[in-house]
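Visitor: Here you go, one structure.
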Amino acid sequence: MQVLFTVVLPVFLVSGLVALLQPRLRLNGDALARTSMLVFVPAMTLQALLRAEGSLAEMARVALAVFLEVVALLTLTTLVARWLHLDRAARGALACSVVLVNAGAFALPVLLFAYGEVARLPGMFHVVLFNVLLIPLTSLYLAVTQQPEGARLAALGGALRRVARTPVIYAALLGLLLRLSGLILPQALLEALDLIANGAVPLLMVLLGVQLAETFSHGWQMHQVPALTALVVLRLIIAPLLALALAELLGLAGITRAALVINGGMSTAILAGVLARDYGADVPLATLGVLVTTVLGIVTTTLWLNWLL
């Protein structure tokens, strides 16, 4: 219970309070999302790669674990969707809702509350992987599976162009080049980078609250229950178990292992609804998945932290 009240609930309460106040605050979710993706998240990505204390070999193992987890989850999602006889739109919503996790707005603050500053860089590296690996892979998967066979090539090209325009990709490449070359940015630039990057977590928590408020407007229907149940089980139960197995397989330990498991068991990211809309998937199912996994994630995250701490 101590973990629930001292680690998980504070994060949820901040975003929940923003969600409750949003009718009066009327914050522009699109503007906040663009600001975070164009400025704050790239800065956090660059900071994570420049200041990460782990070796590049350890980072590569974490990236491999996340990649293998995504492949496994997409495979399981495809099999479950066929078993449930879901239509194409529901299959797309299920896929992006299972793969995309709330690494920035929920997982990173939880890790910081649980482990302190030592968890900042491992947690931030997962935000990097979310933007550099998970979003592009999910976008490419949806571009192929959500379109008729004759339109898939054009959709794939559009997805590749969208990925190429993502600022965080270039922030990650710059960070890797600087780290491999041994070059160090001037102190003034590093301080400016830290100032922006350290504001990313509060901004993401506010953004989560704004976007949660928007999901309240979507109702639910009985035919969504099977897909929603599969979404919850895959996202909150199967995914962290996969992350734990991969951590053991690849020899990840300590805070790196904890960050992999906690991120693996996080709630669905709000971006799942955005991708669902962009690729013609079932938007109400995706946004409902965000809301349900966020609420249930309070319990599952607490259980995982109690076991890991």
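The values are calculated or read from the model by the stated rules, or taken from the named source; none is laboratory data. Because the structure is a prediction, the values reported are computed rather than measured. As a convention, Cβ positions derive from the backbone with ideal geometry for all residues, glycine included, and neighbour counts pool all protein chains shown. With ligands, DNA and RNA removed, areas are computed over all heavy atoms of the protein, side chains included. Shrake-Rupley method; radii C 1.70, N 1.55, O 1.52, S 1.80 Å.
Visitor: Towards the positive end of the charge dipole of the stretch 60-193, with charges on Cβ (+1 Lys, Arg; -1 Asp, Glu), say which of 153, 70, 174 has the farthest Cα.
Guide: 153
Visitor: On to the next question. Quote the charge dipole size of the stretch 12-160 about the Cα centre in Debye, to the nearest 20; the model charges only the Cβ of Lys and Arg (+1) and of Asp and Glu (-1).
Guide: Approximately 300 debye in magnitude.
Visitor: Listed highest first by mean packing, meaning other Cβ atoms within 10 Å per residue, what order do 163-172, 124-133 come in?
Guide: The most tightly packed comes first, giving 124-133, 163-172.
Visitor: How much length is gained on full extension from residue 88 to residue 63, taking 0.36 nm per residue of separation minus their Cα-Cα distance?
Guide: Once the chain is fully extended between residue 88 and residue 63, it gains 6.1 nm.
Visitor: Ignoring ligands, DNA and RNA, what percent of the 1.4 Å accessible area of the chain is carbon and sulfur?
Guide: Roughly 69 percent, rounded to a whole number.
Visitor: Suppose only helical runs count, i.e. DSSP H with n ≥ 4. What mean residue ellipticity at 222 nm does that imply for the chain under -39500 (n - 2.57) per run, divided by all residues and rounded to the nearest 500 deg cm²/dmol?
Guide: So the calculated ellipticity at 222 nm is -23000 deg cm²/dmol.
Visitor: What is the sum of charges around residue 262, taking Lys and Arg as +1, Asp and Glu as -1, for the other residues whose C-beta is under 14 Å from the C-beta of residue 262?
Guide: +2
Visitor: Under a point spin-label approximation (7 Å from Cα along Cα-to-Cβ), what is the residue 245-residue 28 distance to one decimal in nm?
Guide: 4.6
Visitor: Please give the peptides 235-247, 282-294, 193-205, 174-186 ranked by average Cβ packing (other Cβ atoms within 10 Å per residue), highest first, as a rough proxy for protection.
Guide: Ranked from most to least packed, the peptides come out as 282-294, 235-247, 193-205, 174-186.
Visitor: Can I ask one more? Would you work out which of 116, 199, 213 lies farthest towards the positive end of the dipole of the chain, given +1 charges on the beta-carbon of Lys and Arg and -1 on that of Asp and Glu, about the Cα centre?
Guide: Positive-most Cα among the choices belongs to 213.
Visitor: Say each of residue 17 and residue 39 gets a label point 7 Å from the Cα, pointing the same way as Cα to Cβ; how far apart are those two points in nm?
Guide: 2.3
Visitor: Using the heavy atoms of the protein chains alone and a 1.4 angstrom probe, what is the accessible area of the chain per residue in square angstrom?
Guide: 45
Visitor: Counting Lys and Arg as +1 and Asp and Glu as -1, each charge on the Cβ, what is the dipole of the chain about the Cα centre in debye, to the nearest 20?
Guide: Computed about the Cα centre, the dipole is about 400 debye.
Visitor: If you don't mind, another one. Given Cα pairs under 8 Å that are at least 6 residues apart, what percent is the relative contact order of the chain?
Guide: 34
Visitor: Roughly what would the spin-label model give for residue 237 and residue 295, points 7 Å off Cα along C-beta, in nm?
Guide: 1.8
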